[in-house]
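Note sheet for the following structure.
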Amino acid sequence: MGTEAERQDVRKAMAFDLYNIIDDEPAKETYSKEEIKKLIRVYVTTADQQ
């Protein structure tokens, strides 16, 4: 399962990835709760496919 430091690194990387995904659309300044949940869902389900 990895060490606690490795798990923290994974969480930070995921947060950074999501931050970049959201930032990819600079014209969009706000996201609804549903849009954020969809971004997270798509990110998690496609992360294993890479």
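The values are calculated or read from the model by the stated rules, or taken from the named source; none is laboratory data. Please read these numbers as outputs of a predicted model, since none were measured by experiment. In this analysis, Cβ positions are derived from the backbone assuming ideal geometry, glycine residues included, and neighbour counts consider all displayed protein chains. With ligands, DNA and RNA removed, areas are computed over all heavy atoms of the protein, side chains included. Shrake-Rupley method; radii C 1.70, N 1.55, O 1.52, S 1.80 Å.
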- Stretch gain in nm, segment Arg41-Ala15, where the contour uses 0.36 nm per residue and the Cα spacing is subtracted: 8.0 nm
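Are there any GluC sites (Glu not before Pro) in segment 3-35 that are in a DSSP loop and have at most 13 other Cβ atoms within 10 Å? List them by number.
Glu29
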- Carbon/sulfur fraction of accessible area - the chain, other protein chains in place, 1.4 Å, %: 57
- Query: In the neighborhood of Glu29, defined by Cβ-to-Cβ distances under 15 Å, what is the net charge if each Lys or Arg adds +1 and each Asp or Glu adds -1?
  - Reply: -3
- Message: If I fit a long axis through the Cα atoms of helix 33-47 and take the longest principal axis of the Cα atoms of the chain, what angle between them do I get, 0 to 90°, rounded to 10?
- Response: 40
- Rg from C-alpha atoms of the chain, normalised by the globular rule of thumb 2.2 N^0.38 Å, equals 1.31
